[in-house]
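**Student:** The structure that follows is given in the form of structure tokens.
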Amino acid sequence: MIPEEPGVPPGGSAEAGVYRPDGVFTVVAAFFRKTWTITELEIRKLRHDPTELLTRAVQPVLWLLVFGQVFSRTRAIPTGGLRYLGFMAPGILAPSVLFIAIFYGIGVIWERDLGIVHKFLASPTPRTALVLGKAMSAGVRGLTQAVIIYLLALLLGVRMNLQPLALAGVGLTIFLAGGAFSSFSLVIACLVKTRERFMGIGQVLTMPLFFASNAIYPLSLMPGWLRIISRFNPLTYEVDALRALMIAGAKAGAYPLGMDLGVLLGVMALLVFIGGRLYPRVVV
């Protein structure tokens, strides 16, 4: 048994003769400092390969320019008085964040093959901090998609809500959704452990999540069974929040904004916790 230092109560530390209690604040601050280190490490990768952002922007641009322009002429989808392009812009931003985040887990498999995960696991960094750091970086990448879609929507004549509080709400929504879907991706990577299986599962999941949401048509058009599924789809709540925040003159969403953000936060927290528990299984 290691003896306590004289004059230092249990749970404290002596530094230059000054007693500093190891309180909850110190532990929490250390956790978020390590989380930010992982986030910064992931974001730094964009500086080495900025073309990834441009290639990711191709798909939403095609959706808005081709699909959106065509369907805005048909006027067959009830949009509550909005132009279809305005209705669709948030519905394209949300899946863009999903497509970025859902394949985040493959990077963990690459890091395992390169031995980087082993170094992370040998460090004193909490497992949940490793997962949360990656989740936060996915949210930051999603914000770049928002900039592209905002600019394109404005060029197409969509009346966007540019008030600071609305923009902050959009950023928070993207941040939470990107974190939730990237954590889900990491959980899948911890379970399947191979790039081939992960790519197959990722491709299978993205389209059902997209079409079982209100991204390109309102919930009222869905059959009853699909509407029930949409209630368990986090993408539905992301689109609902973005549509209420992004478009000027848009009516309130199908769900209260607080509920949308609460669901995204809860899903993200749950998946970060599960991902932290499963993270060591990547190398097993």
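The values are calculated or read from the model by the stated rules, or taken from the named source; none is laboratory data. In this text the structure is predicted, and so the values were computed from the model without any measurement. Here the Cβ positions follow ideal geometry from the backbone for every residue, glycine too, while neighbour counts run over all protein chains shown.
**Student:** If Val158 satisfies all but one of (1) assigned to a helix (DSSP H, G or I); (2) among the β-branched types (Val, Ile, Thr); (3) modelled with pLDDT of 85 or more, what's the number of the condition it fails?
**Tutor:** Val158 satisfies all of (1) assigned to a helix (DSSP H, G or I); (2) among the β-branched types (Val, Ile, Thr); (3) modelled with pLDDT of 85 or more except (1).
**Student:** Further, regarding this structure: Please tell me if Leu62 is hydrophobic (A, V, I, L, M, F, W, C), under 18 Å from Glu238 (Cα atoms) and in a helix (DSSP H, G or I).
**Tutor:** Criteria not met by Leu62.
**Student:** Within region 117-131, count every residue that is polar (S, T, N, Q) and out of contact with any Gly (no Cβ under 8 Å at 6 or more places or on another chain).
**Tutor:** Of the residues in region 117-131, 2 are polar (S, T, N, Q) and out of contact with any Gly (no Cβ under 8 Å at 6 or more places or on another chain).
**Student:** Failed condition for Gly249, given (1) surrounded by 22 or more Cβ atoms within 10 Å (Cβ to Cβ); (2) not in a helix (DSSP H, G or I), with all others met?
**Tutor:** That leaves (1) as the condition not met.
This table checks each residue for (1) surrounded by 20 or more Cβ atoms within 10 Å (Cβ to Cβ); (2) closer than 13 Å to Met246 by Cβ; (3) out of contact with any Asp or Glu (no Cβ under 8 Å at 6 or more places or on another chain).
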site: Lys119; (1), (2), (3): no, no, yes
site: Pro126; (1), (2), (3): no, no, yes
site: Ala129; (1), (2), (3): yes, no, yes
site: Tyr150; (1), (2), (3): no, yes, yes
site: Arg159; (1), (2), (3): no, yes, yes
site: Leu162; (1), (2), (3): no, yes, yes
site: Ala177; (1), (2), (3): yes, no, no
site: Ser182; (1), (2), (3): yes, no, yes
site: Leu186; (1), (2), (3): yes, no, yes
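**Student:** Scanning region 164-175 for residues that are closer than 24 Å to Gly202 by Cα and in contact (Cβ under 8 Å) with a residue 40 or more places away in the chain, which turns out surrounded by the most Cβ atoms within 10 Å (Cβ to Cβ)?
**Tutor:** Residue satisfying both the conditions and the ranking: Thr173.
**Student:** Does region 94-111 hold any residues that are among the small types (Gly, Ala, Ser) and touching a Gly at 6+ places or on another chain (Cβ under 6 Å), and which are they?
**Tutor:** Ala101
**Student:** Could I ask something else about it? Taking the criterion of being crowded, with 18+ Cβ neighbours inside 10 Å, within 20 Å of the chain's Cα centre (by Cα) and at pLDDT 80 or above, would at least one residue in region 68-88 satisfy it?
**Tutor:** For region 68-88, residues crowded, with 18+ Cβ neighbours inside 10 Å, within 20 Å of the chain's Cα centre (by Cα) and at pLDDT 80 or above: present.
**Student:** Collect the residues in region 210-241 that are modelled with pLDDT of 90 or more, assigned to a helix (DSSP H, G or I) and of a type in the set (A, V, I, L, M), keeping them in residue-number order.
**Tutor:** Leu226, Ile228, Ile229, Leu235, Val239, Ala241
**Student:** Can you run down the residue pairs with Cβ atoms below 6 Å, 6 or more apart or on separate chains, where the first is in region 250-270 and of a type in the set (Lys, Arg) and the partner is part of a loop (DSSP other than H, G, I, E, B)?
**Tutor:** If the second residue must be part of a loop (DSSP other than H, G, I, E, B), the pairs left are Lys251/Gly80.
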